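Visitor: My questions will all concern the structure given below.
The values are calculated or read from the model by the stated rules, or taken from the named source; none is laboratory data. Just so it is clear, the model here is predicted, and its values are computed rather than measured. Here Cβ is always computed from backbone atoms with ideal geometry, including for glycine, and neighbour counts include all displayed protein chains.
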Amino acid sequence: MLILFTCLVFFFFIFTYLEKKDYSSPVFLLSASFLMADFVFIWNIDNWDIQIYGKAIVYVATAMLSWWIGALIVRLFPKKKTKVDYIETVAKQIESCKFGIFTFISLICTIVYIRHIFRVSGSGIQLVNLFRAIYENATTTNSGNVIISQMREIPIAIAYVNTFVLLFVRNSRMKIRKLSLYLTIVLFLIICIFSTDRNLLLRYIIYSICLWILFIKNREDISKRRKNQTIIKRVLIVLFISSLAFFALGKIKRYNSNFERVIGIYAGSGLYNFNLTINDKHELGYGENTLGTMIGAINAIKGERSSEVLHGKFITYRSSNGYVYSSNVYSALKSYEMDFGYFGVILYPMILGSFFEFLYTLTKRKICGFSWVFYSMWVYPILYFVITEQFFGRMHLGRIYEIFWVAFFFFFVCVAKIRVKFRG
């Protein structure tokens, strides 16, 4: 336990130094997520009867080094030295945009989506059992209804874009009516509740935090030290509030776990489950475990149906003091190891390190460009890395729809050429 903690603390401070306290860089976020998971270990050291295997420590250290090497590969390529200031262009478009139409579109889509949920879940169900029925229906069936899926994705995309607008307005001190912007976010929260998808809310919170950090970093009216202090304080507050919201959404689905158990399972047990199963023998999947969702999406485009595993296999363990530990959450390392063994722990993190570093370099080339939104949308697989695989696992048609609609509404709101074309 002490060896793992020392290793993760070492990586955290080294990466913090190398990244020059850049709290939105992929390498820093990865090291921070691993260290947070280890604090969860310490918190549950008695209840979990924690025993860390040396093989798990080697795999974790390898993954972090491979990620960093992937980032270094991208940094070796020549970069554009000029930074494009996009602020004035975005400000002009926001001032002339009529956001009421987006609120109307979001409202209609939300109503249609919720009506569909009530129809498929049963209209006669009592309210106390409604959300559990919605959850069970969502995890056991797949309607494949493209239209209904768009009724969900469109309000999500509008909320993402309007969050960008709100942060832009706040940091540029613009004066516009914000009621329509806030209403679309409220409609998004309603969708989160009725879809019973807690990860949907967490991904939005991570998106908002990352986007806010990008805005703070580019503020010229405050010092770097004050920026960092502001980021640390507010992020900790938001994380605490987010944990309470995550717990509350679990309760409406009639989960029995208390708050401490929820934090333990979803903030750290993924990495510990990987540790517990590190010595299990299995046949290599050669991409089947990690790329299964992508293969399913390709088959869906071809018109072929393929089964999709929504949850991992539960692991249950009883500690010496009688505490029962049960979780179906595994770190991303589990999937990579199951596909290619130790080589998978080298290969996949290096690919991800290169990809996210490339996205991050794009955010530095254009202030307030679409790259800010796109990068913030994709950050969550980094923070989920110690819990479960979310990058390749989210490569399905729903992700494509989400990216398309966010890009559509962003360019419609913030890019002059698109707006001129639509206005005629």
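Visitor: So if I check each of K98, K80, which one is modelled with pLDDT under 70 and among the charged types (D, E, K, R)?
Guide: On inspection, the qualifying residue turns out to be K80.
Visitor: Shifting gears a bit: So I263 ticks every box in (1) within 18 Å of the chain's Cα centre (by Cα); (2) more than 24 Å from L107 (Cα to Cα); (3) at pLDDT 85 or above but one. Which box is left unticked?
Guide: In the conditions (1) within 18 Å of the chain's Cα centre (by Cα); (2) more than 24 Å from L107 (Cα to Cα); (3) at pLDDT 85 or above, I263 misses (3) alone.
Visitor: While we're here: Say whether the condition of being of a type in the set (D, E, K, R) and in contact (Cβ under 8 Å) with a residue 12 or more places away in the chain is met by at least one residue in region 407-417.
Guide: No, region 407-417 contains no residue that is of a type in the set (D, E, K, R) and in contact (Cβ under 8 Å) with a residue 12 or more places away in the chain.
Visitor: Okay, moving on. Given the residues L359, L352, which is the only one that is surrounded by fewer than 23 Cβ atoms within 10 Å (Cβ to Cβ) and outside any loop (DSSP other than H, G, I, E, B)?
Guide: Being surrounded by fewer than 23 Cβ atoms within 10 Å (Cβ to Cβ) and outside any loop (DSSP other than H, G, I, E, B) holds for just one of L359, L352, which is L359.
Visitor: In region 12-63, which residues are more than 16 Å from N273 (Cβ to Cβ), crowded, with 21+ Cβ neighbours inside 10 Å and β-branched (V, I, T)?
Guide: Listed by number, the list holds a single entry, V27.
Visitor: Are any residues in region 203-217 at pLDDT 90 or above and buried (at least 19 other Cβ atoms within 10 Å of the Cβ), and if so, which ones?
Guide: R203, Y204, I206, Y207, S208, I209, C210, L211, W212, I213, L214, listed by residue number.
Visitor: Looking at (1) in contact with a Leu (Cβ under 9 Å, 6 or more places away or on another chain); (2) of a type in the set (A, V, I, L, M); (3) surrounded by fewer than 19 Cβ atoms within 10 Å (Cβ to Cβ), which is the one condition that is false for M338?
Guide: Condition (3) is where M338 drops out.
Visitor: Related question: Considering only residues of region 1-32 that are in contact with an Asp or Glu (Cβ under 9 Å, 6 or more places away or on another chain) and among the aromatic types (F, W, Y), which is farthest from A71 (Cα to Cα)?
Guide: F5
Visitor: Charged (D, E, K, R), in a loop (DSSP other than H, G, I, E, B) and under 21 Å from the mean Cα position of the chain (by Cα) - does that describe any residue in region 184-200? Steps first, answer last, please.
Guide: Of the residues in region 184-200, the ones charged (D, E, K, R) are 197-198.
Still in the running and in a loop (DSSP other than H, G, I, E, B): 197.
Then keep just the ones that are under 21 Å from the mean Cα position of the chain (by Cα); that gives 197.
Within region 184-200, one or more residues are charged (D, E, K, R), in a loop (DSSP other than H, G, I, E, B) and under 21 Å from the mean Cα position of the chain (by Cα).
Visitor: Before we move on, is K233 under 24 Å from T163 (Cβ atoms), more than 20 Å from the chain's Cα centre (by Cα) and not acidic (D, E)?
Guide: yes
Visitor: Consider only pairs whose beta carbons are under 9 Å apart and that are at least six residues apart or on different chains; among these, list those whose first residue lies in region 315-333 and is without any contact (Cβ under 8 Å) to a residue 24 or more places away in the chain and surrounded by 14 or more Cβ atoms within 10 Å (Cβ to Cβ) and whose second residue is part of a loop (DSSP other than H, G, I, E, B) and of a type in the set (D, E, K, R).
Guide: Between residues of region 315-333 that are without any contact (Cβ under 8 Å) to a residue 24 or more places away in the chain and surrounded by 14 or more Cβ atoms within 10 Å (Cβ to Cβ) and residues that are part of a loop (DSSP other than H, G, I, E, B) and of a type in the set (D, E, K, R), the close pairs are N328/K313.
Visitor: While we're on this one: Test of understanding: among A71, A32, which residue is in a helix (DSSP H, G or I) and in contact with a helix residue (DSSP H, G or I) (Cβ under 6 Å, 6 or more places away or on another chain)?
Guide: Of the residues listed, the single one that is in a helix (DSSP H, G or I) and in contact with a helix residue (DSSP H, G or I) (Cβ under 6 Å, 6 or more places away or on another chain) is A71.
Visitor: Sticking with this structure for a sec: Restricting to region 159-183, name every residue that is in a helix (DSSP H, G or I), touching a residue at least 60 places away in the same chain (Cβ under 8 Å) and among the β-branched types (V, I, T).
Guide: To start, the set of residues in region 159-183 that are in a helix (DSSP H, G or I) comprises 159-172, 179-183.
Narrowing further to those that are touching a residue at least 60 places away in the same chain (Cβ under 8 Å): 160-162, 164-165, 168-169, 172, 180-181, 183.
Listed by number, the residues that qualify are V161, V165, V169.
Visitor: Here's a check for you: in region 238-269, which residue that is surrounded by 16 or more Cβ atoms within 10 Å (Cβ to Cβ) and in contact with a Lys or Arg (Cβ under 8 Å, 6 or more places away or on another chain) is nearest to Y59 (Cα to Cα)?
Guide: Among those that are surrounded by 16 or more Cβ atoms within 10 Å (Cβ to Cβ) and in contact with a Lys or Arg (Cβ under 8 Å, 6 or more places away or on another chain), it is F246.
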